[in-house]
């Protein structure tokens, strides 16, 4: 049905995918699995034409397939069901279904309302939804929205449907309904590619399997040939290289952070752990496991429904960011552009932001700019910020790696006792990564506790003293350094789905 | 795809640097003055310049307060209504103390400033606690207090204010001292104080500010309080200048206030602006007023010209924003 011939794609010189070659048989379902960053999304984006390949070609039904834009992909019968729901909640089901192709009267601006309703009803029947097409999408459950999205794809008479993590927002029953629909579509002769972290689902639904790792196909064949352990070992099977600086210090015995029974309905349940001084504690888990949410609760940006957090043995009241900072907590957020930096503010202003109160006079609020500038200069050197970057330069103009060093630097200025890092090396180059690793180790060696959230398994294995594994908001495993095992971590991260 | 742009160091062309400069508008004002001075009789005379200065100071005070709010990424449309309301309330307070010249003045001024701060604080609380958009909150405050000022006085002006009070707005040295003190303090707050640094951070990115421990809500409330105080002080000066409590004081001023801030380089996107640039914006607007007035243009012609100029300034602001923003 679809065939890849040596297809490759790089972003800014970093290879995301390929060259890969494989084929999907007509009327079958191909499962596509791999770790975060293995190239699954890139592959889907190539098919849906949101990006174009650098090399190789794709064949659709034997014809060369090279759509220039998503609309063209859809016209040729390739429909993508997104990971996040992609509907307009403020419009009705019917309007969502026909947004790009309303049935019109002879005079273009007028829509044939009756035809619209009738056709919408037909499409909804096809996905087994018994709803009024006039219903607003915001009133639907996630599962119903997902089905509406599939109905929209079916409206374009697709030959190939791509499912990208289609079940992440669905409950068990809704997922079951989706699987029945997928089964039905297969019987109608539609080919599908099914991307999922839920390996049990993949085994159950798919005919063939392709395993991606580091952008390459590392395993393919009929799904019957793949046991779950084999899938996992293929997904992770690689050696750690010398990307990680050698650790000099080691964890001390006294605790710095204690977390007891933190819960937030629907997000996390009964999370308890302890962090020692000088310890780098990793937090592993799949996207949506609740890792960032936990970090935000720890830092006081969200309030848990129950549970207690102690810093140096003294409880931290919920939702008090400033107090946490004063008591030595620091939090490097997942997305430096939205809440890590003031992009249009200068490098200096960004670096100084957290410690401003320390340099302000108690009576007048006058900031001692000279001392502050001195501290900033010191930390600039400590994080090895590019010498080319001028102090007055807006943070926006820095590269990703230097931006991240600015965020890290602003927290280091506050001399944190607990440093929470959420995906600290996302989207930055290898050289900057190494320096960030070095800084993380240095912080720990100076006696701070570090909580490191990362989707890169290697990073966790290379840096951490201990790893917690989170799955659907619960800690499912804790591994000491001598127990580190990629397969075990991945199994624990998939704990909920494997048993389902 | 936009990564190249993001990494490239900023290389503004000469005109672009000028456009972004704080002194740009000062330069334009000077050129405008020099170009028109020979052609407008009475323009470049000491009396006229003195007049120009006296007219500029109240606007400067209220525009400086507005600038604070704009830096925080908000807007305060209620300033002229605060001026009208404080004008009549202050006048009413002082009218009740007919034989206490200085004491009446002090009480009156304190009452006016107090009302300005309270209304500004109310705006700020509604915006931060109730999460309402600044535009709506301050627009409704404007409607309410404009109406209130006229209702309280039954549309009458209030005369017979203490002489000390009238001197504050009527005698240039007093006006100059009060304005410069207030604006200087504000400038110091913005440039040197913790509040100022926090204010710019909130304007740049409130989410980053929050994660970094900035009390975002408190800073925002403070900004609106300062804007209310600025409006109240401007009201003190203008009420004294007119020697009456005026229920429609500042009715045509809102355009000038926001215009002066924006021409001076404050941005509706937040994070930009300072008192000195706003002063330059005030000077520019008052120069246009003054010169066109001397030429005998009607109020409405002046409005048309100023509208065009403020639009041009807003356009320049938007262009500048797009030019420097990587994506």
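With the checklist (1) more than 27 Å from the chain's Cα centre (by Cα); (2) within 13 Å of chain B (Cβ to nearest Cβ); (3) surrounded by fewer than 22 Cβ atoms within 10 Å (Cβ to Cβ) in hand, flag the one item residue A:400 doesn't pass.
(1)
Tell me, please, whether a residue that is within 19 Å of residue B:209 (Cβ to Cβ) and touching a residue at least 24 places away in the same chain (Cβ under 8 Å) can be found in segment A:318-325.
yes
Within segment B:201-221, which residues are within 30 Å of residue B:85 (Cα to Cα), surrounded by fewer than 24 Cβ atoms within 10 Å (Cβ to Cβ) and within 11 Å of chain A (Cβ to nearest Cβ)?
B:216, B:218 - these are the residues of segment B:201-221 that are within 30 Å of residue B:85 (Cα to Cα), surrounded by fewer than 24 Cβ atoms within 10 Å (Cβ to Cβ) and within 11 Å of chain A (Cβ to nearest Cβ).
So residue A:227 fits all but one of (1) touching a residue at least 12 places away in the same chain (Cβ under 8 Å); (2) farther than 18 Å from residue A:127 by Cβ; what number is the exception?
(1)
Residue check: is residue A:278 away from chain B (no Cβ under 14 Å) and over 22 Å from the mean Cα position of the chain (by Cα)?
yes
Given the residues B:272, B:251, which is the only one that is within 26 Å of residue B:167 (Cα to Cα) and either within 14 Å of chain A (Cβ to nearest Cβ) or modelled with pLDDT under 90 (or both)?
The match here is B:251.
Residues of segment A:388-411 being within 15 Å of residue A:355 (Cβ to Cβ) and in contact with a strand residue (DSSP E or B) (Cβ under 8 Å, 6 or more places away or on another chain), which ones?
Residues satisfying the conditions are A:407, A:408, A:411.
Here are A:330, A:414: which of them is assigned to a loop (DSSP other than H, G, I, E, B), within 30 Å of residue A:259 (Cβ to Cβ) and more than 7 Å from chain B (Cβ to nearest Cβ)?
Matching residue, one of A:330, A:414: A:414.
Checking residue A:350 against (1) farther than 30 Å from residue B:189 by Cα; (2) in contact with a helix residue (DSSP H, G or I) (Cβ under 8 Å, 6 or more places away or on another chain); (3) at pLDDT 95 or above: exactly one of these is not met. Which one?
(1)
Scan segment A:350-360 and tell me whether some residue there is part of a loop (DSSP other than H, G, I, E, B), more than 8 Å from chain B (Cβ to nearest Cβ) and closer than 29 Å to residue A:287 by Cα.
The answer is no; no qualifying residue exists.
Table: residues versus (1) surrounded by fewer than 22 Cβ atoms within 10 Å (Cβ to Cβ); (2) in a loop (DSSP other than H, G, I, E, B); (3) out of contact with any helix residue (DSSP H, G or I) (no Cβ under 9 Å at 6 or more places or on another chain); (4) more than 9 Å from chain B (Cβ to nearest Cβ).
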position: A:378; (1), (2), (3), (4): yes, no, yes, yes
position: A:384; (1), (2), (3), (4): yes, yes, no, yes
position: A:392; (1), (2), (3), (4): yes, yes, no, yes
position: A:409; (1), (2), (3), (4): no, no, no, yes
position: A:421; (1), (2), (3), (4): no, no, no, yes
position: A:424; (1), (2), (3), (4): no, yes, no, yes
position: A:427; (1), (2), (3), (4): yes, yes, no, yes
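For segment A:191-231, which fully contained strands (runs of 3 or more DSSP E) count at least 3 residues that are touching a helix residue (DSSP H, G or I) at 6+ places or on another chain (Cβ under 7 Å) and buried (at least 20 other Cβ atoms within 10 Å of the Cβ)?
A:191-195, A:208-213
Yes/no per residue for (1) within 14 Å of another protein chain (Cβ to nearest Cβ); (2) assigned to a helix (DSSP H, G or I); (3) modelled with pLDDT of 90 or more:
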{"site": "B:282", "(1), (2), (3)": "no, yes, yes"}
{"site": "B:285", "(1), (2), (3)": "no, yes, yes"}
{"site": "B:290", "(1), (2), (3)": "no, yes, yes"}
{"site": "B:305", "(1), (2), (3)": "no, yes, no"}
{"site": "B:310", "(1), (2), (3)": "no, yes, no"}
{"site": "B:323", "(1), (2), (3)": "yes, yes, no"}
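From the residues in segment B:145-161 that are outside any loop (DSSP other than H, G, I, E, B) and without any contact (Cβ under 8 Å) to a residue 24 or more places away in the chain, which one is surrounded by the most Cβ atoms within 10 Å (Cβ to Cβ)?
B:147
Yes/no matrix, rows are residues, columns are (1) touching a helix residue (DSSP H, G or I) at 6+ places or on another chain (Cβ under 7 Å); (2) in a helix (DSSP H, G or I); (3) farther than 30 Å from residue A:30 by Cα; (4) not assigned by TED's automatic domain parsing to the domain that holds residue A:82:
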| residue | (1), (2), (3), (4) |
| --- | --- |
| A:122 | no, yes, no, no |
| A:125 | no, yes, no, no |
| A:149 | no, yes, no, no |
| A:152 | yes, yes, no, no |
| A:166 | yes, no, no, no |
| A:176 | no, yes, no, no |
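Do we find that residue B:126 is free of Cβ contacts under 8 Å to residues at least 60 places away in the same chain and surrounded by fewer than 16 Cβ atoms within 10 Å (Cβ to Cβ) in this structure?
No, not satisfied.
Is it fair to say residue A:185 is assigned to a helix (DSSP H, G or I) and either touching a helix residue (DSSP H, G or I) at 6+ places or on another chain (Cβ under 9 Å) or assigned by TED's automatic domain parsing to the domain that holds residue A:486 (or both)?
Yes: the conditions hold for residue A:185.
Give me a count of the residues in segment B:180-197 that are at the interface with chain A (Cβ under 7 Å from one of its Cβ atoms) and surrounded by 22 or more Cβ atoms within 10 Å (Cβ to Cβ).
Residues in segment B:180-197 being at the interface with chain A (Cβ under 7 Å from one of its Cβ atoms) and surrounded by 22 or more Cβ atoms within 10 Å (Cβ to Cβ): 1 in total.
Regarding residue B:166, is this residue surrounded by fewer than 21 Cβ atoms within 10 Å (Cβ to Cβ), more than 30 Å from residue A:361 (Cα to Cα), touching a helix residue (DSSP H, G or I) at 6+ places or on another chain (Cβ under 7 Å) and at pLDDT below 95?
Yes, satisfied.
Looking only at segment A:54-75, count how many residues are part of a loop (DSSP other than H, G, I, E, B) and crowded, with 19+ Cβ neighbours inside 10 Å.
Qualifying residue count, segment A:54-75: 1.
Checking residue B:177 against (1) over 19 Å from residue B:267 (Cα atoms); (2) touching a helix residue (DSSP H, G or I) at 6+ places or on another chain (Cβ under 6 Å); (3) without any contact (Cβ under 8 Å) to a residue 40 or more places away in the chain, only one condition comes out false. Which one?
Checking residue B:177 against (1) over 19 Å from residue B:267 (Cα atoms); (2) touching a helix residue (DSSP H, G or I) at 6+ places or on another chain (Cβ under 6 Å); (3) without any contact (Cβ under 8 Å) to a residue 40 or more places away in the chain, the one that fails is (2).
Just to be sure I understand, how many residues within segment A:258-274 are out of contact with any helix residue (DSSP H, G or I) (no Cβ under 8 Å at 6 or more places or on another chain) and either crowded, with 23+ Cβ neighbours inside 10 Å or outside any strand (DSSP E or B) (or both)?
2
Please determine, by comparing only the residues of segment A:286-302 that are over 19 Å from residue A:410 (Cβ atoms) and within 14 Å of another protein chain (Cβ to nearest Cβ), which one is surrounded by the most Cβ atoms within 10 Å (Cβ to Cβ).
Residue satisfying both the conditions and the ranking: A:297.
From the list A:46, A:32, A:17, pick out the single residue that is in a strand (DSSP E or B), at pLDDT 90 or above and either within 22 Å of residue A:218 (Cα to Cα) or not assigned by TED's automatic domain parsing to the domain that holds residue A:160 (or both).
It is A:32.
The values are calculated or read from the model by the stated rules, or taken from the named source; none is laboratory data. Quantities reported herein were computed from a predicted structural model and do not represent experimental measurements. With ideal geometry, Cβ positions are generated from the backbone for all residues, glycine too; neighbour counts draw on all protein chains shown.
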